[in-house]
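Some notes on the structure that comes next.
Please treat every number below as a calculation from the coordinates, not as lab data. Computed from a predicted structure; not experimentally measured. With ideal geometry, Cβ positions are generated from the backbone for all residues, glycine too; neighbour counts draw on all protein chains shown.
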Amino acid sequence: MYLPIPSQPDCVSAWREAVRLVDVQTEHQAYNVIIDVADPTARANLADPVVAAHDAFLLAWNQKPIETVANTIFPASLYNRFGAPAFFDRFRDNIMPRLPRRSDNWSGYYFERMMQMPQKSGASFNQLWDIVERIRDPNVRALNKFEISIFDPTRDVDKSPYGGQCLSFASLKIIGKGAQRKIGMTAFYRNHFYIEKLLGNLIGLGRLMSFLGKEGGIAVGPLTVVSTHAQIDQPRNDGKNSTRADIAELLRQCDQANAKLLLVA
């Protein structure tokens with residue numbers, strides 16, 4: 001059981017096509033949805049009119065804005081300001097203490113798990129910087145061995161009625177040789193809200209890939225996302241659910257913004 005989404009050139013197109021195809025499924029949900037984005041750094045900020053229209057909808061329903069969702073995966077502004085590896089320390093010392101934690105085990109930021117995954121010894125392991133150093137090392141020949149774990153069964157399996165981490169795992173590959181090398185990523189989500197989260201997730205993953213590529217000295221390749229369960233969710237605000245008509249209006253506005261952009265181009 002799977003639902004392939006035709007490969008798309010950028011984050012916005014991938015989000016819109018995935019929403020379109022999942023929306024027509026029974027109960028507006030699907031399993032093992034496969035999304036492929038050729039350039040996950042393209043159309044990936046609020047300057048894009050579709051991103052801006054979607055962001056306005058989320059804010060109207062008191063949901064996390066797209067930049068906030070993207071920042072849970074990769075804090076791009078912090079990286080741009082302080083560079084690597086200094087921004088890891090800034091995130092740990094300045095940002096994490098101020099985050100409202102969902103539990104003792106997790107702040108709600110996937111980036112936290114990526115940069116300090118606990119080990120048996122009690123020390124934490126920076127998965128991202130280890131990947132950068134191995135990409136840089138010409139003696140590393142295993143180009144299909146760059147993995148990022150988010151889900152931790154020793155901490156995340158409980159009887160809570162609420163969800164936890166939706167992004168479970170990411171696998172990266174070095175594609176091509178020499179100057180043509182690119183980094184590609186496949187990310188696995190156990191559960192995925194396509195209205196509240198998907199576009200911000202795609203943007204955040206693209207920024208993470210951009211960081212790994214820049215620091216590793218290679219280009220950014222394609223992003224593939226596997227949503228093992230995907231849903232066209234209806235955001236809530238103060239106990240009130242958005243309606244199917246609200247979702248249809250959001251999509252209409254996004255399509256209108258996209259049409260205007262294409263006319264200008």
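What the table shows:
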read-out: Cβ-based exposure ranking for S121, S149, S168, in which fewest neighbours within 10 Å come first; value: S121, S149, S168
read-out: Sequence of S124, S210, S227 once ranked by neighbouring C-beta atoms within 10 Å, starting from the fewest; value: S124, S210, S227
read-out: Footprinting exposure proxy for E196, E27 (fewest neighbouring C-beta atoms within 10 Å first); value: E27, E196
read-out: Region 76-205 - Debye-derived log10 I(q)/I(0), Cα point model, q = 0.14, 0.20 Å⁻¹; value: -0.75, -1.46
read-out: Amide proton proximity set for F146, modelled H, under 5 Å, gap of 5+; value: L172
read-out: The chain: mean projected area of Cα convex hull, nm²; value: 15.8
read-out: Label-point separation, D130 to K173 (7 Å along Cα→Cβ), nm; value: 2.2
read-out: Residues of region 68-104 with amide N under 19 Å of a point placed 7 Å along Cα→Cβ from L261; value: 68-71
read-out: N45/N144 FRET efficiency (R0 35 Å; Cβ-Cβ; nearest 0.05); value: 0.70
read-out: Percent of beta bridges antiparallel (DSSP, region 3-264, rounded to nearest 5); value: 65
read-out: Mean-position separation - Cα centroids, region 174-195 and region 1-38, in angstrom; value: 16
read-out: Spin-label pair R90/A123, simplified geometry with 7 Å Cα→Cβ offset, distance in nm; value: 2.6
